[in-house]
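The values are calculated or read from the model by the stated rules, or taken from the named source; none is laboratory data. All values derive from a computational prediction rather than experimental measurement. Cβ atoms come from the backbone with ideal geometry, glycine included; neighbour counts cover every protein chain shown.
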Amino acid sequence: MYRIDLNGASAIVTGGASGIGEACARQLAALGARVVVADLQEDKGQALASELGGLFVKCDVSSEEDGAAAVAAASEMGPLRALVNSAGIGWAGRTVDRNNDPMPQNQFDFVIKVNLLGSFNMLRQSAAAMAKTDALDDDGQRGAIVNMASVAAFDGQIGQAAYSASKGGVVGMTLPIARDLAAVGIRVNTIAPGLIDTPIYGTGEASDQFKAHLGQSVLFPKRLGAADELASMVMELITNPYMNGEVIRVDGGIRMPPK
């Protein structure tokens, strides 16, 4: 089966210093890509980029200048062929709290700024660089973009209004952007992860017990997903030339309850 060849190409992974992003960066490097780890975590990001033979760029995804720096760094290492939009923040707060006070508007705005506007900022700048590269095949393939949404885009829980709205926006822009970029041979897909075991849950016995409890709500297998399992689906979406315009839940069949 024909696969997109990433040897000699460059790739950008936002939020690449840890968790899902780190797993994606490692798997991209294993496929021969030179990876830009775009993150705010300098120590972890630098160490990973050095290990993988890539570059670290300190990057606030919502910053036009930081996004441009990441794209420029990638383009210097080789033609940019892949972007994984993995950076994001989680924040919980009710629309009206127990004191009947409204959610501060700036908190809602910040989640949207990072998760939705930041994803689009990195996507538009990366796509422009990909569009300038030579086509890889007779179909005119030039690159692939994978966005990270969440099952919260569909099953948002109590307190997740801002987070769900941000991830729902990522889901909603997937198909129109795939249609926009078809003219230049760039595919766009989105993954909606379920409960994935990342550093956000902490470490230690209490953390392990909490994760085991969470895992019982997953249909099958009854555990949190591994970052590598999610990254494997990202690689499929990047290298399978016929995957385009789709949103895929990777969640063990979970459907989130209200709380």
Worksheet entry | Matching residues in segment 79-99 - criterion: being without any contact (Cβ under 8 Å) to a residue 24 or more places away in the chain and of a type in the set (Lys, Arg) | Arg98
Worksheet entry | Sole residue being surrounded by 15 or more Cβ atoms within 10 Å (Cβ to Cβ) and assigned to a loop (DSSP other than H, G, I, E, B), chosen from Met243, Met233 | Met243
Response to the item:
Among helices (runs of 4 or more DSSP H) completely within segment 106-224, the ones holding 2 or more residues that are under 17 Å from the mean Cα position of the chain (by Cα) and among the hydrophobic types (A, V, I, L, M, F, W, C) are 118-131, 152-155, 161-181
Worksheet item: Do we find that Gly252 is touching a Lys or Arg at 6+ places or on another chain (Cβ under 9 Å), within 20 Å of Leu116 (Cβ to Cβ), part of a loop (DSSP other than H, G, I, E, B) and of a type in the set (Gly, Ala, Ser) in this structure?
Response: no
Discussion item. Condition check: in a helix (DSSP H, G or I), within 24 Å of Lys167 (Cβ to Cβ) and not hydroxyl-bearing (Ser, Thr, Tyr). Does Val71 satisfy that?
Written reply: yes
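Residue-wise test of (1) polar (S, T, N, Q); (2) over 25 Å from Asn189 (Cα atoms); (3) at pLDDT below 95; (4) in contact with a Gly (Cβ under 6 Å, 6 or more places away or on another chain).
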| site | (1), (2), (3), (4) |
| --- | --- |
| Glu42 | no, yes, no, no |
| Ala68 | no, no, no, no |
| Gly78 | no, no, no, yes |
| Pro104 | no, yes, no, no |
Fill in: Residues located in segment 37-67, provided they are buried (at least 16 other Cβ atoms within 10 Å of the Cβ) and assigned to a helix (DSSP H, G or I)
Lys44, Gly45, Gln46, Leu48, Ala49, Leu52, Asp66, Gly67
